[in-house]
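**Q** Handing you this structure, nothing more for now.
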Amino acid sequence: MTTHAVGIISTGSYVPKEEVSNEEVAARCGVTAEWIERKTEIRSRRYAPPHEAASDLAARAAAEALDAAEVPAAAIDYLIVSTSTGDSPQPPTSALVQHAIGAYGAACFDVNAVCSGFVYGLELARALIALRPGSRALVIAADVYSRILDFSDRRTAPLFADGAGAAVVGEVDEPYGFLGTDLSTSGDAHHLIRVEAGGSRSPASAETLAEGGHYFRMEGRAVREFVNQRLPSALERLVEGAGRRLGEVDHFVPHQANGVMMRELVEAAGLTRATTHRTVERYGNLGSASIPVTLDEANRAGRLRRGELVLLAGFGGGMAVGTSLLSWRGAAA
């Protein structure tokens, strides 16, 4: 008798059409294009046009994933959206996506674990499907960081951009699917990544706008130190807990925070054998969308083969870390 696990059935992604060069960003930040590429390895990024918000990008990525899975939106049971740049404080962005794609049978909610949110969303989907066998989830990550960047902050503004990625999650035949997930949060480091105003502690006002409280802030050097200290051990803990070794990992899909940081992470984690998938050079840091966009590109290019080990690694504000290991199912036979 065939036994079932839970895994990724299909992927999808969407990035805005407008390509923004380093030269354009450098002019706004008071630096050079060469400085941006040397510090980040980013060469270009995409910004959403004024009429597009997070839900619009999410709906486009969702449609791609649903089409690839040959699953109608009405057959989705859970719709999970990871975003830290939602359309508005209320209603949840997931409800707007549900309406846009017609997934009216789905229970919808948002997740905010910042740049690790897609991995958190996948684990929530896995747990929900395990509780209700035969159900399906649509997990989407979408962020529009261009709306909250302070271009006088030269160490942060060149990094971030806009995009969305999605995955249909459901039952798959063993031995494929999720082999393990490791989630952790270090609230003592919550100040490293933040938007200080616009919530109940510091409501939006003329004063907070004048002070730039609605802009994204990041302590870049401290974030880098946090990642180098915490993520390698989290990856080792996850992989060994699944009964595997880091040297067995075939594909590594990390959060595309910064190209230089990613190279440091691969070395520190001992993942030099694995293929590290990168989109940071072309798209920049897409927030929680960076992992699913990169995963979708690798999947659609046919780089992921059935049964290969795929390791996902996210980190972001909180500070939250999310890692997941899966045996890739690939397209249905």
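**Q** Could you check how many residues of the range 267-293 are among the β-branched types (Val, Ile, Thr) and touching a residue at least 60 places away in the same chain (Cβ under 8 Å)?
**A** The total comes to 3.
**Q** Of all residues in the range 227-262, which are under 18 Å from the mean Cα position of the chain (by Cα) and assigned to a helix (DSSP H, G or I)?
**A** Listed by number, the residues that qualify are Val227, Leu231, Ala234, Leu235, Gly259, Met261, Met262.
**Q** In addition: Can you tell me which residue within the range 120-147, out of those that are more than 17 Å from Ile9 (Cβ to Cβ) and aliphatic (A, V, I, L, M), is surrounded by the most Cβ atoms within 10 Å (Cβ to Cβ)?
**A** Ala142
**Q** Can you pull out the residues in the range 172-198 that are at positive phi and outside any strand (DSSP E or B)?
**A** Gly198 - this is the single residue of the range 172-198 that is at positive phi and outside any strand (DSSP E or B).
**Q** Right, here's the next one. Taking Ala298 and the conditions (1) closer than 22 Å to Arg45 by Cβ; (2) in contact with an Asp or Glu (Cβ under 9 Å, 6 or more places away or on another chain); (3) surrounded by fewer than 24 Cβ atoms within 10 Å (Cβ to Cβ); (4) not β-branched (Val, Ile, Thr), which numbered condition does it fall short on, given that it satisfies the others?
**A** Here Ala298 meets the rest and fails (2).
**Q** Working only within the range 6-36, note down all residues that are farther than 18 Å from Glu64 by Cα, in contact with a strand residue (DSSP E or B) (Cβ under 7 Å, 6 or more places away or on another chain) and buried (at least 23 other Cβ atoms within 10 Å of the Cβ).
**A** Passing the criteria: only Val6.
**Q** Next question, about the same structure. Output the helices (runs of 4 or more DSSP H) that fall wholly within the range 37-136 and possess 3 or more residues being in contact (Cβ under 8 Å) with a residue 60 or more places away in the chain and in contact with a strand residue (DSSP E or B) (Cβ under 8 Å, 6 or more places away or on another chain), or say none.
**A** Because the criterion is at least 3 residues that are in contact (Cβ under 8 Å) with a residue 60 or more places away in the chain and in contact with a strand residue (DSSP E or B) (Cβ under 8 Å, 6 or more places away or on another chain), the helices (runs of 4 or more DSSP H) in the range 37-136 that meet it are 54-69, 117-131.
**Q** For Ala301, work out the one condition from (1) out of contact with any helix residue (DSSP H, G or I) (no Cβ under 7 Å at 6 or more places or on another chain); (2) in contact (Cβ under 8 Å) with a residue 12 or more places away in the chain; (3) hydrophobic (A, V, I, L, M, F, W, C) it doesn't fulfil.
**A** (2)
**Q** Moving on. Can Ala257 be described as surrounded by 20 or more Cβ atoms within 10 Å (Cβ to Cβ), in contact (Cβ under 8 Å) with a residue 12 or more places away in the chain, touching a strand residue (DSSP E or B) at 6+ places or on another chain (Cβ under 9 Å) and among the small types (Gly, Ala, Ser)?
**A** Considered against the rule, which asks whether it is surrounded by 20 or more Cβ atoms within 10 Å (Cβ to Cβ), in contact (Cβ under 8 Å) with a residue 12 or more places away in the chain, touching a strand residue (DSSP E or B) at 6+ places or on another chain (Cβ under 9 Å) and among the small types (Gly, Ala, Ser), Ala257 comes out as yes.
**Q** From the list Arg224, Arg201, Arg154, which residue is assigned by TED's automatic domain parsing to the domain that holds Ser55, of a type in the set (Lys, Arg) and either within 24 Å of Ile42 (Cβ to Cβ) or assigned to a loop (DSSP other than H, G, I, E, B) (or both)?
**A** Answer to the selection: Arg154.
**Q** Inspect all residues belonging to the range 274-287 and state whether any of them is surrounded by fewer than 24 Cβ atoms within 10 Å (Cβ to Cβ), in the same structural domain as Ser186 (by TED's automatic domain parsing), modelled with pLDDT of 95 or more and more than 26 Å from Ala161 (Cα to Cα).
**A** Checking the range 274-287: at least one residue is surrounded by fewer than 24 Cβ atoms within 10 Å (Cβ to Cβ), in the same structural domain as Ser186 (by TED's automatic domain parsing), modelled with pLDDT of 95 or more and more than 26 Å from Ala161 (Cα to Cα).
**Q** Hey, does the range 163-171 have a residue that's over 18 Å from the mean Cα position of the chain (by Cα) and either buried (at least 17 other Cβ atoms within 10 Å of the Cβ) or in a helix (DSSP H, G or I) (or both)?
**A** Yes: one or more hits.
The values are calculated or read from the model by the stated rules, or taken from the named source; none is laboratory data. Keep in mind that this is a model prediction, so the values were computed, not measured. As a convention, Cβ positions derive from the backbone with ideal geometry for all residues, glycine included, and neighbour counts pool all protein chains shown.
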